[in-house]
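Everything below concerns the one structure shown next.
The values are calculated or read from the model by the stated rules, or taken from the named source; none is laboratory data. Source: prediction; values computed, not measured. Reconstructed Cβ throughout: ideal geometry from the backbone, glycine too, with neighbour counts over all protein chains shown.
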Amino acid sequence: MRIVVSLCLSFCVASFCWAAPQSDSVAAQAPKVSVVQKEDRIAVKFGEELFTQYIFKGFEKPILYPVMAPGNVAITRSFPVEKKAPGEATDHPHHKSIFFGQGNISGHNFWTMGHGKIVLDKVMQAQANEDNAVITTSHLWKTKQNETLLRDETKLTFSQQGNTRSIEYEIRLIASEQELVFTDDKNGKEGTMAIRTHPALRLRHRNKRQPATGRARNSEGTTGKAIWGEKAKWVLYQGLINDQNYAIAILDHPGNLRHPTTWMARDYGLVGANPFGLSHYLGKERGAGNYTLKKGESLTLKYLFVFTKGDVSAGDMDARFKSWTEK
């Protein structure tokens, strides 16, 4: 039996609502997409500009770092992958740019450091065409005792339209070795598809050198810190980076488990979609968010991350969500 729950992590916005109008000459000069594969990472470029790197060796789990908005502007934090940038905090070193993990799967932690690891099995595809780049990989989820608990198949799709870049992140979690329980406890609330933003997009200040300028809202109309724990179809953070407005949005696919998902959306810049921590987020009884995969079953999750330069409205987000889910 196969259980499919669509988790699409794609930073993508339709040009009619997210990108500034483009002239024919500009459109004709759309950057060529390319991928460059090395031993520990695969880089995705649009023209001469680096968009991101999928780094699958050297850390406790695969990450996407850096993530660059059009104009070569970093939109996620540098620490701890590199030396911290001005204004960055040094908390939570496991918050590495964009990553996928979960705090309790059958008693094993794949969220923080020093516990389980997600190890590359193989790269199955890394190619580009005129419109996008696609990377397909598989990984083994190893416990602290170095035993394989499960495996996954991950597909990442990268694209750009005008002033918007996107990453579609689809992951299929496979109970290849044994029955799995995604456990709703104090660790299970930590997860799952996550991003740590540029410090300027935080909702609260950490220092005076580079103050937080972020604003947040979700699909239900909730704004600011109150979006934490709520169920929502999408979450939007935006603010000023180098005196220019930039936005990050994450959309939860309707096919995903328990859509609309609950959000671990922090005011210090961590944004995570987590369908398992219901007791923590919604005040339900302990274990209400438990989810079991029998051996041989799978769970597919799909999220859409969108990065854009310029203001983004709730109407833009609703239109993007509709276009994404109806295609």
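The table below gives the values:
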{"item": "Matching residues, the range 297-324, being aliphatic (A, V, I, L, M) and part of a strand (DSSP E or B)", "result": "LEU299, LEU301, LEU304, VAL306"}
{"item": "Given (1) in contact with a Pro (Cβ under 7 Å, 6 or more places away or on another chain); (2) free of Cβ contacts under 8 Å to residues at least 40 places away in the same chain, index of the condition LYS155 fails", "result": "(1)"}
{"item": "Hits in the range 81-106 - residues which are in a loop (DSSP other than H, G, I, E, B), farther than 24 Å from ARG165 by Cβ and at pLDDT 95 or above", "result": "GLY103, ASN104, SER106"}
{"item": "Of all residues in the range 162-181 being over 19 Å from the mean Cα position of the chain (by Cα) and assigned to a strand (DSSP E or B), the one that is nearest to GLY287 (Cα to Cα)", "result": "VAL181"}
{"item": "Inter-residue pairs, beta-carbon under 8 Å, first closer than 23 Å to ILE98 by Cα and in the range 292-317, second surrounded by fewer than 22 Cβ atoms within 10 Å (Cβ to Cβ) and among the hydroxyl-bearing types (Ser, Thr, Tyr), 6+ apart", "result": "LEU299/TYR291; THR300/SER6; LEU301/SER6; LYS302/SER6; MET317/SER219"}
{"item": "Criterion (modelled with pLDDT under 95 and loosely packed, with under 13 Cβ neighbours inside 10 Å) met by exactly one of LYS295, LYS309, LYS327", "result": "LYS327"}
{"item": "Qualifying positions in the range 190-249 - without any contact (Cβ under 8 Å) to a residue 60 or more places away in the chain, charged (D, E, K, R) and surrounded by fewer than 18 Cβ atoms within 10 Å (Cβ to Cβ)", "result": "LYS208, ARG215, GLU220, LYS225, ASP243"}
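Each row is one residue, and each column tells you yes or no for (1) among the β-branched types (Val, Ile, Thr); (2) in contact with an Asp or Glu (Cβ under 6 Å, 6 or more places away or on another chain); (3) surrounded by fewer than 21 Cβ atoms within 10 Å (Cβ to Cβ); (4) under 27 Å from TYR291 (Cα atoms).
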{"position": "GLY103", "(1), (2), (3), (4)": "no, yes, no, yes"}
{"position": "HIS108", "(1), (2), (3), (4)": "no, no, no, yes"}
{"position": "GLY116", "(1), (2), (3), (4)": "no, no, no, yes"}
{"position": "ASP131", "(1), (2), (3), (4)": "no, no, yes, no"}
{"position": "ILE135", "(1), (2), (3), (4)": "yes, no, no, no"}
{"position": "SER138", "(1), (2), (3), (4)": "no, yes, yes, yes"}
{"position": "THR143", "(1), (2), (3), (4)": "yes, no, yes, yes"}
{"position": "GLU147", "(1), (2), (3), (4)": "no, no, yes, yes"}
{"position": "ILE167", "(1), (2), (3), (4)": "yes, no, no, yes"}
